[in-house]
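Undergrad: One structure, as C-alpha cells, below. Some questions next.
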Amino acid sequence: MPDRAKVMGALCLCAMAYILSEMVKPQFLEDYNFGYFTYVNMLLGLIVGWTFMGKRAGFGVVPAINNGLTGILALLLLAVSIQSANEMLRPAMRLRYDGPFEAVLAIIPIGLDHTVLISTVPFWGTALIGGALSGLIVEAVWQRWR
C-alpha cells in the first residue's frame with residue numbers, strides 16, 4: 001500500500017543513487033562505456049527505498065538513522081551485484097568461461113574489484129551521511145503525514 005514514507009524513501013534513495021553513481025564514474029577508465037549505469041542504479045534506489053526504508057519508518061530518531069544506513073548499504077550491495085553481473089555478460093558472450101557456473105562465480109571477483117575501485121573517503125562519507133539524512137527525512141515525513 002503506498003504511503004508518503006515509502007514515496008519519500010524511494011525518492012531519497014533514488015537521489016542518493018544518482019549522486020553516488022556520478023561520484024563513481026571518474027574512478028573508472030576514461031574509455032569505459034557506462035551505458036545505463038546511472039539509470040539502473042536510480043531504479044534500484046527507487047525499489048530499495050520503497051521496500052526497505054518506507055516500511056520501517058515510525059520508530060524514532062535512532063532507528064531512522066539505522067534505517068537510512070541499512071537502506072544505503074542494501075542499495076550499494078544490490079547495485080554492485082547487478083553491475084558486476086552486467087560486467088560478467090561481456091566476456092560470457094565471447095565464450096571466455098567454460099560453463100555457466102564459472103560465469104556466475106566470476107561475478108564475485110568483478111564485484112570485489114569494483115568495490116575496491118569505488119572505495120574512497122568522499123564516496124563512503126557521502127553514502128553514510130546521505131543514508132542517515134535519508135532515514136531522518138523518511139522519519140520526519142512519516143511523523144508529519146501519518
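Undergrad: Which value, in debye to the nearest 20, describes the size of the charge dipole of the range 10-146 about its Cα centre when Lys and Arg Cβ atoms bear +1, Asp and Glu Cβ atoms bear -1, and nothing else is charged?
TA: 540 debye
Undergrad: Express the relative contact order of the chain as a whole percentage, based on alpha carbon pairs under 8 Å and six or more residues apart in sequence.
TA: Computed value for the chain: 37 percent relative contact order.
Undergrad: Round to the nearest 10 and give me the degree value, 0 to 90, for the angle of helix 37-48's Cα axis relative to the longest principal axis of the chain.
TA: Roughly 40 degrees, rounded to the nearest 10.
Undergrad: Which one, Ala64, Ala92, Ala106, has the greatest fluctuation when you compute a Gaussian network model over the chain with C-alpha springs under 10 angstrom?
TA: Judging by the Gaussian network model, the answer is Ala92.
Undergrad: Compute the angle between helix 121-144 and the longest alpha-carbon principal axis of the chain, please, reported from 0 to 90 degrees and rounded to the nearest 10.
TA: So the helix axis and the longest Cα principal axis differ by about 40 degrees.
Undergrad: If you don't mind, another one. Going by alpha carbons, how many degrees (0 to 90, nearest 10) lie between the helix axis of 107-118 and the longest principal axis of the chain?
TA: Between helix and principal axis, roughly 60 degrees.
No lab work stands behind these numbers, since they all come straight from the coordinates. The structure presented is a predicted model; accordingly, all values stated were derived computationally and were not measured. Cβ coordinates were reconstructed from backbone atoms using ideal geometry, including for glycine residues, and neighbour counts include every protein chain displayed.
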